[in-house]
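First comes the structure, then the notes that go with it.
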Amino acid sequence: MAERLQKILSQAGIASRRQAEALITAGRVRVNGAVVTELGAKADPVTDTITCDGKPVKPIGRKVYVLLYKPPGYMTTLKDPAGRPIVTDLLKGVGERVYPVGRLDYNTEGLLLLTNDGAWANSLAHPRHEVEKEYLVRIQGLPSADQIRQLEEGVVLDDGKTAPSKVRQLNSSQKNSWFSITIHEGRYRQVRRMCETVGLSVVRLKRIRYGSLDLGDLRPGQYRLLSPGEAEQMLA
Ligand code: URA
């Protein structure tokens, strides 16, 4: 069945609809060998040969959504030139090739989503959805009331001030304490940089919630597939 080219590209996980339009108008997409730059153009993903930058655009069969408990010591990439373990090493039972939605640092653990549905991943990452992410943070010593207030009000980082966050203080001992922080942005090493900036030394960082999803009973290194309803609910 013929469909709009931008829809075919986004469903193949190549780009979001908007990015796909840019690829088309830039002349990077061909149908049966001919460059197509017209945005309304249609093609049949089954019978036509569609390429982007010379590479075949194949429709995805089954869409899969994976919720992984990433252990510390894994890279959120598909390849690591330094040979460190990568998150997809943990997904041997998933037949489809999936990509991480956002990232967790090498030493950060917790909830990581992976999917082969590029449009879903792009929508989740869009600031419009403001998906809440909750982290448990273990720090050396006790945070002061002023440090908590700064985290809650927003911290000036080198890429701008962070949006307000929610902080909940949890257990503490003489040496270490835990708090949870909920943010909806997804900047590079955001929680660690926020803590460093207000003078807190992070010894452990774990993401426990992503929107309506939590780790449930999963143990480090385990994963489960989301139901289509759970995946849809994330964008509601
Ligand atoms: N914030 C961080 O500092 N690191 C992560 O991995 C995720 C959020």
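The values are calculated or read from the model by the stated rules, or taken from the named source; none is laboratory data. Because the structure is predicted, anything quoted here is derived from the model rather than measured. Positions of Cβ are generated from backbone atoms using ideal geometry, with glycine treated the same way; all protein chains shown enter the neighbour counts. In case anyone asks, the SASA skips ligands and DNA or RNA and just uses the protein heavy atoms, side chains included. Shrake-Rupley method; radii C 1.70, N 1.55, O 1.52, S 1.80 Å.
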Relative contact order of region 132-210, defined on C-alpha pairs under 8 angstrom at six or more residues apart (%): 48
Eligible lysines near Lys55 by straight Cα distance, threshold 27 Å, same-chain separation 8 or greater: Lys7, Lys42, Lys63, Lys79, Lys92
Can you order the peptides 111-117, 101-107, 215-221 by their average number of other Cβ atoms within 10 Å per residue, highest first? 111-117, 101-107, 215-221
Between the alpha-carbon centers of region 205-236 and region 16-42, tell me the distance in whole angstrom. 34
For region 132-210, using Cα atoms only, the Rg and Dmax in Å read 11.4, 34
D_trans [Stokes-Einstein, Kirkwood Rh over alpha-carbon pairs] for region 33-87, 25 °C, 0.890 mPa s, µm² s⁻¹: 161
With unit charges on the beta carbons (Lys and Arg positive, Asp and Glu negative) and the dipole taken about the Cα centre of the chain, which residue among Pro220, Tyr65, Gln19 sits farthest to the positive side? Pro220
Mind ranking 167-176, 5-14, 123-132 by how tightly packed they are, going by the mean number of other C-beta atoms within 10 angstrom, highest first? 5-14, 123-132, 167-176
Distance between the C-alpha centers of region 56-89 and region 102-166? Whole Å please. 20
Relative contact order for region 3-56 using alpha-carbon pairs under 8 Å, separation at least 6, rounded to a whole percent? 36
Reach of Lys133 by Cα under 23 Å, taken over lysines that are not fewer than 8 positions away in the same chain: Lys70, Lys161, Lys166, Lys206
Helix-derived mean residue ellipticity, 222 nm - over the chain, DSSP H n ≥ 4, -39500 (n - 2.57), to 500: -5500 deg cm²/dmol
Can you pull the percent of region 3-56's accessible area that's carbon plus sulfur, 1.4 Å probe, other chains left in place? 46
From Cα pairs below 8 angstrom and at least 6 apart in sequence, can you work out the relative contact order of the chain, rounded to a whole percent? 20
Going by average Cβ density within 10 Å per residue, which order do the peptides 35-41, 206-212 take, highest to lowest? 206-212, 35-41
Once the dipole of the chain is set up with Lys and Arg at +1 and Asp and Glu at -1 on Cβ about the Cα centre, which of Val29, Leu111, Leu124 lies farthest towards its positive end? Leu111
Considering the Cα trace of the chain, what is its radius of gyration and what is Dmax, both in angstroms? 20.6, 69
Return, for the Cα atoms of region 99-236, the radius of gyration and Dmax in Å, separated by a comma. 15.4, 47
Å² of accessible area per residue within the chain, as computed with a 1.4 Å probe and no ligands counted: 53
